[in-house]
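One structure is given here, and the rest of the page talks about it.
The values are calculated or read from the model by the stated rules, or taken from the named source; none is laboratory data. Because the structure is predicted, anything quoted here is derived from the model rather than measured. For neighbour counting, all protein chains shown are included, and Cβ atoms are generated from backbone atoms with ideal geometry for every residue, glycine included. Each accessible area value is taken on the protein alone, full model and side chains, heavy atoms only, with ligands, DNA and RNA left out. Shrake-Rupley method; radii C 1.70, N 1.55, O 1.52, S 1.80 Å.
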Amino acid sequence: MSAEDLLNYQTKEGRADRSFPRRLRHVLGLDRAIAFTLLARGWSSVAGLVTLFLIAHFLSAAEQGYYYTFGSLVALQVLFELGFSFVVMQMASHERAHLTIAADQQVFGSPAAHARLASVLQKSLRWYSIGALLLFCILLPTGIHFFSAHAQPGHPVAWQMPWLMDVLAASLAFQIDPLFSFLEGCGYVPQVAHTRFWQAFLGSLLAWTAMLLHHGLFAPAMMIAGQVLVGAVFVSSRRRLLLGLLRHNPDPHRIHWWSEVWPFQWRIAISYISGYFVFQLFIPVLFAFWGPAAAGQMGMSINISNALLTISISWVSTKAAPFGALVARKEYDQLDRIFFRVLAQSTAVSVANVLIVWGAVVFMNARHLLLAHRMLAPLPFGLLLLSMMVNHIVFAEAIYLRAHKQEKFMVTSVVCACLIAASTILLGRRFGAMGMASGYLCINLTVGLCACTYIFFKYRRLWHAA
């Protein structure tokens, strides 16, 4: 959604004649972007439950470990993405604030902003094309070496071809990411969110088909392939805008990436890379020290926890591009009013989700259901969920600060990543999942939340006062 749409929606709150659905939507903070995002993530959550049952039924405990370790290794693409997606969205939103995009996808407004918008798209596409090739050439042999080195005796798993297909699909999806981020920055947030629903829908159907045909380890590749197909159709529907910008000569207003953007981007890149050690290291470490079955339990539990995080953070993440436009116009009062409201709404959703899911886990363990044995026990699972709630607040604060084209969480991210990586390896090797989850929560609370919240209020006060 554009900043104008966001402001128009927010100003409706004073109307006295609203119907009950309108009042409920106002209390929950729902707009088109959030609704479509929740539709996509709601489907992903429901589909995720189906996937969990299919994994428990069609995959062995060892195959489940390979399934989730595939995802953790593919997440290494953050080393090639370098925070470009968020930077592209913010850069586009700041230039889009001075432009109008007509229904026929023609761009009108400031010639300088038009040229800079074209420059953003051209530079991002060049990098992602190179990055996709590097991703394939490096990730494929890395995974082959890891799985070969840590193969467990007595657990033969045919992982080679599924891993090849997973890396190939991830490399193709990598090239679509900048286009989605760019279009979000241009104001197409609801359309992108709607497309993500269909990506999740088709990806789930293809993944389930692979499992039902007893080729479950191909499911991750099929999931990504479905996302690529739907994404390609959506990008094609905006080809007039994209091709027009790709052909547009950005001189003499071309963005000088190294001087204008890189000082902001490299900090985000380090924060994103640090995030890998925060969110993705658990599963490979358990795979190496405790075997694929233990890795599978952690993988399923983290997958559920991250799904809850993506749902609750939707209230804030869908406002990232409009936040950038408000910052470009220096409308800080409006920015703060909207941000703190959606933060309160999303935190309430996060708490409710945690209580429901943890209660379900306790119930399944009390009844000794099969699915309970494929996840962590209630205590370490509960610690993971508490960490997710802490991450929710930190993520929201990061989105707010990055709307100012600044990255102030870099040092904190690096410190947390180093501490969590050390904790994961040391405690995980000796105490397994319980040690990992305990160290994770302690570091998130003492270093992550406290330090990031202090930084958030410090720079919000300094920037807005200036």
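Some values worked out for this structure:
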quantity: Surface share of carbon and sulfur [accessible, 1.4 angstrom probe, percent] for the chain; calculated: 68
quantity: 3J(HN,Hα) from dihedral phi, the stretch 99-116, Karplus parametrisation 6.51/-1.76/1.60, rounded to Hz, x for glycine, proline; calculated: 10, 10, 10, 6, 4, 8, 6, 7, 9, 10, x, 4, x, 5, 5, 4, 5, 5
quantity: J(HN,Hα) series, the stretch 283-289, from Karplus relation 6.51 cos²θ - 1.76 cosθ + 1.60, nearest Hz, glycine and proline x; calculated: 5, x, 5, 5, 4, 6, 9
quantity: Kirkwood Rh in Å, taken over the stretch 394-466 so that all alpha-carbon pairs contribute; calculated: 13.3
quantity: Inter-label distance for R247 and H373, nm, one decimal - labels placed 7 Å from Cα along Cα-to-Cβ; calculated: 6.3
quantity: Set of lysines with alpha-carbon distance to K319 below 18 Å, sequence-local pairs under 8 removed; calculated: K12, K330, K405
quantity: Rel. contact order, % - alpha carbon contacts under 8 angstrom, at least six apart, the chain; calculated: 23
quantity: Environment charge at G439 (Cβ cut-off 13 Å; Lys +1, Arg +1, Asp -1, Glu -1); calculated: +2
quantity: Interatomic Cα distance distribution for the stretch 225-280, bins of 10 angstrom, percent; calculated: 18, 22, 35, 24, 1
quantity: Relative contact order (percent, whole number), the stretch 340-457, Cα cutoff 8 Å, 6+ residue spacing; calculated: 30
quantity: Residue-wise HN-Hα coupling along the stretch 328-337, computed from phi with Karplus coefficients 6.51, -1.76, 1.60 (Hz; x: Gly, Pro); calculated: 4, 8, 6, 8, 6, 4, 5, 4, 5, 4
quantity: Cα centroid separation, the stretch 264-297 to the stretch 75-139 (Å); calculated: 27
quantity: Surrounding net charge for V74, when Lys and Arg each add one and Asp and Glu each subtract one, Cβ distance under 14 Å; calculated: -3
quantity: For the stretch 248-372: rounded, prolate or oblate by the Cα gyration tensor [a/c cutoff 1.5]; calculated: oblate
quantity: Gyration tensor over alpha-carbon atoms, the chain, equivalent ellipsoid semi-axes in Å; calculated: 36, 26, 22
quantity: Rounded, prolate or oblate (a/c below 1.5 giving rounded, otherwise prolate when a/b exceeds b/c) for the stretch 128-191 by Cα gyration tensor; calculated: prolate
quantity: Cα coordinate range in the stretch 162-206, projected on the principal axes (Å, largest first); calculated: 37, 22, 7
